[in-house]
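Have a look at the structure below, then the notes.
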Amino acid sequence: MNITGPAGPKAVPTKFAHPDITAEGEARASVDLRALETLWVNTGTLCNLACERCYIESSPTNDRLTYISRAEVAAYLDEIKELGLTTREIGLTGGEPFMNPDVIDILDDVLSRGFEALVLTNAMTPMKHRRDDLLRLKDRYGSALTLRVSLDHYTQERHEEERGPFSWARTIDGVQWLAQNGFTLAVAGRSLWHEDEAATRAGYAQLFATLDVPVDAHDASRLVVFPEMDEAAVVPEITTACWSILNVRPDAMMCATSRMIVKRKGAARPAVVACTLLPYDEQFEIGQTLANQTSNVRLNHPYCASFCVLGGGSCSA
C-alpha cells in the first residue's frame, strides 16, 4: 500500500509481514514450548454445519483437512511415550469430530493409554449417531473423557444467528443427553455480542439451571467464553516489550503448552502445527513429528494478538 506525502508516494509498512520484525521495526515477540501438556488432533474440517464466522471455515464441503486415521493418531501417541513427554491431554477438534469414522477408536486408544480426552463438538446429529459408543467409553473411562459443546450464546436467537436455523434445539438435546447420562461436560460460548462477561455467565447459569445441566457457568474451565477473531480487524503487533507492558507471560500462551496434528488434503502424512487457530498458515507448521518442537513460535498473525495475548484465550481446559 502507498500513501502520498510531500515528496510523493511513500510505502506504508505492512503488519505481520516479517517473521522477526514488526512494521514499526521492533523485535517481534515469540513463545518457547514450555512443555507439551495438550496435543490437539484435528479430525478433519468437514462439519454438519457451516457457521457464519467459523475460524477454520468448517462446512459440509470443506475437506482441506481430511479425516485423520486411527493409525496416524496412534503413531503420535507412541511418540509421546518414546520421547518421555509429560503430555496430559489429547484434544479432538474439527470440523465436527464425530463425523470422522475413526473417532471412537481414536478416543479408545487415547483413554486406554492413560491420557485425558477432550472432544469439541456441536452435540448434534453426528454425535447422536455415536451415543451407544460414547456410553461404552464413559462406563470404561469415566471422567477422563470430557465433551465440550459449542453453544454460542445462552439464547436461541443469537446461537442460531451464528449456527443457522434449527441448530439450537438439536444442540440442547445433545447437551441434556450428555448431562442425563453423567458425562463430564463443558460448554464453549462466544463473545461476538460484546456483552459484559459477568452478564454472559449469569445468562448461561440461568439456562443451565432451567435445563438441569450441571455446568458451573462461573468456572472458566467448564464454561469457556472465547474472545473473537477477525483477521481483517486492526490489531497491534506483539513485540518483546509487550510482555512487561501488558503484564503477560509468554509461557502462559497456548503455544507454550500445546501443538496440533493436521492432515492436509493430498498430503502423504500428517503435520504438526504450532496453533489450533492457524492450521492453514505454513509459517506455523513445525515438521511432521513431535521431536521437532524445539523452535519457538513467532507471534506473526493477528490471531496471536486478538485471541491469545490481548484476549487471554486458550482452547485447552
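The values are calculated or read from the model by the stated rules, or taken from the named source; none is laboratory data. If you're wondering where the values come from, they're calculated on a predicted model, not measured in any experiment. Neighbour counts are summed over all protein chains in view; Cβ atoms, including those assigned to glycine, are modelled from backbone coordinates with ideal geometry.
When you scan the stretch 69-81, do you find a residue that is outside any helix (DSSP H, G or I), surrounded by 16 or more Cβ atoms within 10 Å (Cβ to Cβ) and among the polar types (S, T, N, Q), even just one? Don't jump to the end; show me each part of the working.
Step one: of the stretch 69-81, the residues outside any helix (DSSP H, G or I) are 69.
Adding the requirement that they be surrounded by 16 or more Cβ atoms within 10 Å (Cβ to Cβ) leaves 69.
From what's left, among the polar types (S, T, N, Q): 69.
Within the stretch 69-81, one or more residues are outside any helix (DSSP H, G or I), surrounded by 16 or more Cβ atoms within 10 Å (Cβ to Cβ) and among the polar types (S, T, N, Q).
Within the stretch 67-89, count every residue that is polar (S, T, N, Q) and closer than 20 Å to Ala267 by Cβ. Talk me through it step by step, then tell me what you get.
Quick first cut of the stretch 67-89, residues polar (S, T, N, Q) only: 69, 86-87.
Restricting the remaining residues to those that are closer than 20 Å to Ala267 by Cβ gives 69.
Selection size over the stretch 67-89: 1.
Pairs please, first residue from the stretch 157-173 and within 16 Å of Phe208 (Cα to Cα), second anywhere and part of a helix (DSSP H, G or I) and aliphatic (A, V, I, L, M), Cβ atoms under 8 Å, 6+ apart in sequence or on different chains.
Cβ pairs passing all conditions: Ile172/Leu211.
Out of curiosity, is Arg190 closer than 29 Å to Arg140 by Cβ and touching an Asp or Glu at 6+ places or on another chain (Cβ under 6 Å)? Write out each step before concluding.
Numbers: closer than 29 Å to Arg140 by Cβ: no; touching an Asp or Glu at 6+ places or on another chain (Cβ under 6 Å): yes.
Taking the combined requirement at face value, the residue does not satisfy it.
Need pairs with beta-carbon distance below 9 Å; first residue surrounded by fewer than 23 Cβ atoms within 10 Å (Cβ to Cβ) and within the stretch 35-47, second in a strand (DSSP E or B) and of a type outside the set (Gly, Ala, Ser); sequence gap 6+ or separate chains.
As it stands, the answer is Leu36/Arg259; Glu37/Glu89; Leu46/Leu65, since those pairs meet every condition given.
Quick test of your reading of the structure: Ala71 fulfils all but one of (1) among the aliphatic types (A, V, I, L, M); (2) modelled with pLDDT of 95 or more; (3) touching a Phe, Trp or Tyr at 6+ places or on another chain (Cβ under 9 Å). Name the failing condition by number.
Ala71 satisfies every listed condition except (3).
Can you report the number of residues in the stretch 272-285 which are surrounded by fewer than 19 Cβ atoms within 10 Å (Cβ to Cβ) and either among the aliphatic types (A, V, I, L, M) or not in a loop (DSSP other than H, G, I, E, B) (or both)? Quick ask: steps written out before the conclusion?
If we filter the stretch 272-285 for residues that are surrounded by fewer than 19 Cβ atoms within 10 Å (Cβ to Cβ), which is where we start, we get 280-283, 285.
Those still in the list that are either among the aliphatic types (A, V, I, L, M) or not in a loop (DSSP other than H, G, I, E, B) (or both) too: 282-283, 285.
Final tally of qualifying residues: 3.
Looking only at the stretch 201-227, filter to residues that are under 19 Å from Glu157 (Cα atoms) and touching a helix residue (DSSP H, G or I) at 6+ places or on another chain (Cβ under 7 Å); which one of those is surrounded by the most Cβ atoms within 10 Å (Cβ to Cβ)?
Val225
Kindly establish whether Gly114 is modelled with pLDDT under 95 and either of a type outside the set (Phe, Trp, Tyr) or surrounded by fewer than 18 Cβ atoms within 10 Å (Cβ to Cβ) (or both).
Numbers: modelled with pLDDT under 95: no; either of a type outside the set (Phe, Trp, Tyr) or surrounded by fewer than 18 Cβ atoms within 10 Å (Cβ to Cβ) (or both): yes.
In short, no.
One line per residue, one yes/no per condition, for (1) over 24 Å from Glu57 (Cβ atoms); (2) among the charged types (D, E, K, R); (3) surrounded by 14 or more Cβ atoms within 10 Å (Cβ to Cβ):
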| site | (1), (2), (3) |
| --- | --- |
| Asp132 | yes, yes, no |
| Thr146 | yes, no, yes |
| His153 | no, no, yes |
| Glu161 | no, yes, yes |
| Gly182 | yes, no, no |
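Within the set of pairs 6 or more residues apart or between chains, which connect a residue that is more than 13 Å from Asn100 (Cα to Cα) inside the stretch 55-75 to a residue that is acidic (Asp, Glu) with Cβ atoms less than 6 Å apart?
From residues that are more than 13 Å from Asn100 (Cα to Cα), the pairs are Ala74/Asp109.
Specify the residue that is nearest to Trp40 (Cα to Cα); the eligible residues are those in the stretch 257-312 that are in contact (Cβ under 8 Å) with a residue 12 or more places away in the chain and among the acidic types (Asp, Glu).
Glu285
Scan the stretch 99-132 for residues that are assigned to a helix (DSSP H, G or I), among the charged types (D, E, K, R) and farther than 28 Å from Leu207 by Cβ and jot them down. Break it down into steps so the answer makes sense when it comes.
Taking the stretch 99-132 and keeping what is assigned to a helix (DSSP H, G or I), we get 99, 103-112, 125-128, 131-132.
Those still in the list that are among the charged types (D, E, K, R) too: 105, 108-109, 128, 131-132.
Of everything in the stretch 99-132, those that are assigned to a helix (DSSP H, G or I), among the charged types (D, E, K, R) and farther than 28 Å from Leu207 by Cβ turn out to be Asp105, Asp108, Asp109.
Do any strands (runs of 3 or more DSSP E) lying entirely in the stretch 135-228 carry at least 2 residues that are modelled with pLDDT under 95, closer than 30 Å to Leu310 by Cα and not small (Gly, Ala, Ser), and which ones are they?
Numbers: elements: 145-150, 184-190, 223-226.
Fully inside the stretch 135-228 and qualifying: 223-226.
Please state which of the following conditions Thr171 fails to meet, knowing it meets all the rest: (1) over 21 Å from the mean Cα position of the chain (by Cα); (2) closer than 18 Å to Gly94 by Cα.
Thr171 satisfies every listed condition except (1).
For the stretch 1-60, which positions are of a type in the set (Val, Ile, Thr), within 22 Å of Ser244 (Cα to Cα) and either touching a Lys or Arg at 6+ places or on another chain (Cβ under 8 Å) or modelled with pLDDT under 90 (or both)? If you could, list the steps in order and put the result at the bottom.
If we filter the stretch 1-60 for residues that are of a type in the set (Val, Ile, Thr), which is where we start, we get 3-4, 12, 14, 21-22, 31, 38, 41, 43, 45, 56.
Still in the running and within 22 Å of Ser244 (Cα to Cα): 21-22, 31.
Once the filter is applied, which keeps residues that are of a type in the set (Val, Ile, Thr), within 22 Å of Ser244 (Cα to Cα) and either touching a Lys or Arg at 6+ places or on another chain (Cβ under 8 Å) or modelled with pLDDT under 90 (or both), the stretch 1-60 yields Ile21, Thr22.
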